[in-house]
Amino acid sequence: MWRCLIISNKELQINEEIRDREVRVIDSNGGQLGIMPAAKALELAYEEDLDLVKIAPQAKPPVCKIIDYGKYRFELAKREKEARKNQHIVEIKEVRLSLNIDVHDFETKKSHAQRFLKEGNKVKVSIRFRGREMGHPAQGYEVMRHFAETLVEIANVEKPAKLEGRNMLMFLAPKPAK
């Protein structure tokens, strides 16, 4: 036989759901009304045509507030939406170089990396070694070092160049704004 137990309830208890004998009550203006029986607090809420909401269930005695629950939920959702809007998700953008990259191609890749870093994203720089290029990893390290040096004003090397199989990888992160 399975029994379902509610470990934590995200929703707040309102009105008749409040089963405590005594509660500390705060009115709609934020003033303390003191400790009173839950039934009397519920009566006060109904007189004002508002809801009794348990906001601090872990307190002794629990704290309830007389508020408009619908308006409260709307304000809460609005604040959460605003907080999400102000967040910036850092993405990892990739720039692929080759072992014998030409000057113009190098400058193009550098400008792409600069744009990614200015947007606040991290940049993964990679070189794929093909065929006999595997015999010259020092050239790959040199290309990576030169690429990192050209971006030293706007980027920090988060992970230095490292050869992993046929690929050499390096991660750059934007410098924090001052």
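Here, each number is a calculation from the coordinates, and none is a lab measurement. Note that the coordinates shown come from a computational prediction; the quantities given were computed from them, not determined experimentally. No Cβ is skipped: glycine too gets one built from the backbone with ideal geometry, and neighbour counts run over all protein chains shown.
Normalised by 2.2 N^0.38 Å, where N is the number of residues, the alpha-carbon radius of gyration of segment 3-90 equals 1.28.
The angle separating the long axis of helix 103-118 from the principal Cα axis of greatest extent in the chain is about 10 degrees. Taking 0.36 nm per residue of sequence separation and removing the Cα-Cα distance, the ARG79/ASN100 pair yields an extension gain of 2.3 nm.
May I ask for the distance between the Cα centers of segment 24-41 and segment 111-173, given as a whole number of Å? Each part reduced to its Cα centre gives a spacing of 63 Å. Using the Cα centre of segment 15-83 as origin and beta-carbon charges of +1 (Lys, Arg) and -1 (Asp, Glu), tell me which of ALA41, PRO62, ILE26 is placed farthest towards the positive end of the dipole. Sorting the options by dipole projection puts first PRO62.
Sparsely packed loop sites in segment 73-128 (the GluC sites (Glu not before Pro) outside DSSP H, G, I, E and B with at most 12 other Cβ atoms within 10 Å) comprise GLU91, GLU119. By its C-alpha gyration tensor, with a ≥ b ≥ c as the square roots of the eigenvalues, how is segment 92-174 shaped: rounded for a/c under 1.5, else prolate for a/b larger than b/c, else oblate? Verdict is prolate for segment 92-174. Our summary gives segment 41-157 a relative contact order of 19 percent, counting only alpha carbon pairs under 8 angstrom and 6 or more residues apart. Annotation: amide H of ILE26 within the under-5 Å range of LEU33, CYS64, LYS65, ILE66, sequence separation 5 or more or interchain, hydrogens built in the peptide plane. With q set to 0.08, 0.09, 0.17 Å⁻¹, the log10 of I(q)/I(0) for the chain, from the Debye formula over equal scatterers at the Cα positions, is -0.55, -0.59, -1.01.
Rounded to the nearest 10 degrees, the angle from helix 69-85 to the longest Cα principal axis of the chain is 10 degrees. For the chain, adding -39500 (n - 2.57) for each run of n ≥ 4 DSSP H residues and dividing by the number of residues yields -10500 deg cm²/dmol at 222 nm.
All other residues whose Cβ lies under 9 angstrom from that of VAL125 are scored, Lys and Arg at +1 and Asp and Glu at -1, for a net of +2. If only the Cβ of Lys and Arg carry +1 and only the Cβ of Asp and Glu carry -1, the dipole of the chain around its Cα centre is close to 960 debye.
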